[in-house]
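Engineer: Please find one structure pasted underneath; my questions will follow.
Every number in this text was worked out from the coordinates using simple rules, so none of it is lab data. Bear in mind that the values here come from a model prediction, so they are computed numbers and not experimental data. Quick reminder, even Gly has a Cβ in these numbers, built from the backbone with ideal geometry, and neighbours come from all protein chains shown.
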Amino acid sequence: MTDPQHYSAYRETASDLASGPPAALDPGLLAALAEAADALPDWAESLAPEDRLDGDLALDESEFAALDALLRERFGTDLGALRAGLGLDQLAALTVGDLAELVRR
């Protein structure tokens, strides 16, 4: 799991995301994560905002592409554009909470 310092460092570099603590996890976001990861819905219900997409959930590039398409369709967000603007450390630190902030805007 990501430590609070790591999350804060990411948020400082992604100031376009809403500030403040991560929002409650939207059921639509959880459903999109489960669908993109080809997992059962129960899996997504156990996710926490600090879970890293890469390190903790082990999403691969095809799952990120599926998640990007689902988030565009359901929330009008662009995960691909967000990821393209991040460095390697920031990509590794991207969390479920960051996605919650992205879909909340």
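Engineer: Quick check: pseudo-label points 7 Å beyond the Cα along Cα→Cβ at D60 and D38, how many nm apart are they?
Structural biologist: Once both label points are built, they end up 0.8 nm from each other.
Engineer: Follow-up question, since we're still on this one. Report ³J(HN,Hα) in whole Hz for each residue of the range 67-72, in order, from the Karplus equation J = 6.51 cos²θ - 1.76 cosθ + 1.60 where θ = phi - 60°; Gly and Pro get x.
Structural biologist: Calculated HN-Hα couplings, in order: 5, 4, 4, 5, 5, 4 Hz.
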